[in-house]
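Novice: Here you go, one structure.
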Amino acid sequence: MLLGDVADIRAGMVITRKKAMNLSEVKAMYNMFTLKNIDSLNEPYEQFQSNDVLSPQHFTQVGDILFRLNYPYSAVYIDEAKSGLLIPSTFAVIKVQSNYFSPEYVAWYMNTAFVKKELEKGQAGTKIPSTNKATLRAIPIEPIELEKQRNIVKLYKLHLQEKQLLTSLIKEKEKLFQAQTNKVLQGI
């Protein structure tokens with residue numbers, strides 16, 4: 001079975017076509033999903049000034065999977081907190097259309113080493129490797145029990161939570177080190 005058999009895949013919007021060139025052209029402002037928002041919880045969304053009111057199809061919806069089309073490839077599941085964001089053409093939108101696959105599981109699967117190897121086979125570009133919808137559609141995916149999919153997603157969420165906690169710990173340790181270094185340098 002291929003990803004294209006179980007999901008609808010389309011590209012994000014080419015934003016240069018709808019970008020307002022000056023303030024008088026601005027018809028709407030939108031929060032836009034960017035590469036910075038893939039792994040970050042607290043990164044603010046970029047503001048996009050549009051010269052037109054955009055169709056709802058250009059925005060994230062709960063259950064979507066956004067897939068970064070250039071290296072390093074990565075997928076993110078869109079939950080309630082990330083819905084309603086403008087999707088630029090640097091991402092593909094994957095909408096799972098099968099009852100045999102959980103969208104969260106497919107997002108996890110798209111981040112596996114196996115999928116990244118598959119993408120390397122069909123990548124285009126020399127300086128910055130990239131992929132396309134046809135390559136994504138050809139990714140093999142085998143159905144497993146929904147309960148196993150849910151368990152993998154739970155484990156993956158715990159893994160992400162641990163990574164975020166470790167990142168926070170590193171930042172706090174860095175602050176502590178800087179404070180102690182400053183005390184030593186000031187002779188206290």
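The values are calculated or read from the model by the stated rules, or taken from the named source; none is laboratory data. Nothing here was measured: the structure is a model prediction, and the numbers come from that model. Positions of Cβ are backbone-derived with ideal geometry, glycine not excepted, and every protein chain shown enters the neighbour counts. The accessibility values were calculated without ligands, DNA or RNA, using every heavy atom of the protein model including side chains. Shrake-Rupley method; radii C 1.70, N 1.55, O 1.52, S 1.80 Å.
Novice: If Gln57 satisfies every condition in (1) crowded, with 16+ Cβ neighbours inside 10 Å; (2) assigned to a helix (DSSP H, G or I) but one, which is the exception?
Specialist: Going through the list (1) crowded, with 16+ Cβ neighbours inside 10 Å; (2) assigned to a helix (DSSP H, G or I), Gln57 breaks only (1).
Novice: While we're looking at this one, here's another question. Does the range 114-137 include one or more residues that are over 19 Å from Gly4 (Cα atoms), open to solvent by 60 Å² or more (accessible area, probe 1.4 Å), of a type outside the set (Val, Ile, Thr) and more than 19 Å from the chain's Cα centre (by Cα)?
Specialist: yes
Novice: Then there is this: Assess whether Tyr30 counts as being in contact (Cβ under 8 Å) with a residue 12 or more places away in the chain and in contact with a helix residue (DSSP H, G or I) (Cβ under 8 Å, 6 or more places away or on another chain). Before you say what the answer is, go through the steps one by one.
Specialist: Numbers: in contact (Cβ under 8 Å) with a residue 12 or more places away in the chain: yes; in contact with a helix residue (DSSP H, G or I) (Cβ under 8 Å, 6 or more places away or on another chain): no.
Taking the combined requirement at face value, the residue does not satisfy it.
Novice: Let me ask another. Considering each residue of the range 26-45, count those that are outside any loop (DSSP other than H, G, I, E, B), open to solvent by 70 Å² or more (accessible area, probe 1.4 Å) and modelled with pLDDT of 90 or more, and give that number.
Specialist: Within the range 26-45, residues that are outside any loop (DSSP other than H, G, I, E, B), open to solvent by 70 Å² or more (accessible area, probe 1.4 Å) and modelled with pLDDT of 90 or more number 1.
Novice: While we're looking at this one, here's another question. Report every pair of residues separated by at least 6 positions or lying on different chains whose Cβ atoms are under 6 Å apart, first residue within the range 120-134 and of a type outside the set (Ser, Thr, Tyr), second at pLDDT below 75.
Specialist: Between residues of the range 120-134 that are of a type outside the set (Ser, Thr, Tyr) and residues that are at pLDDT below 75, the close pairs are Pro129/Gln123.
Novice: Might you let me know whether the range 96-112 holds any residue that is buried (at least 20 other Cβ atoms within 10 Å of the Cβ), closer than 29 Å to Asn31 by Cβ and of a type in the set (Asp, Glu)?
Specialist: For the range 96-112, residues buried (at least 20 other Cβ atoms within 10 Å of the Cβ), closer than 29 Å to Asn31 by Cβ and of a type in the set (Asp, Glu): present.
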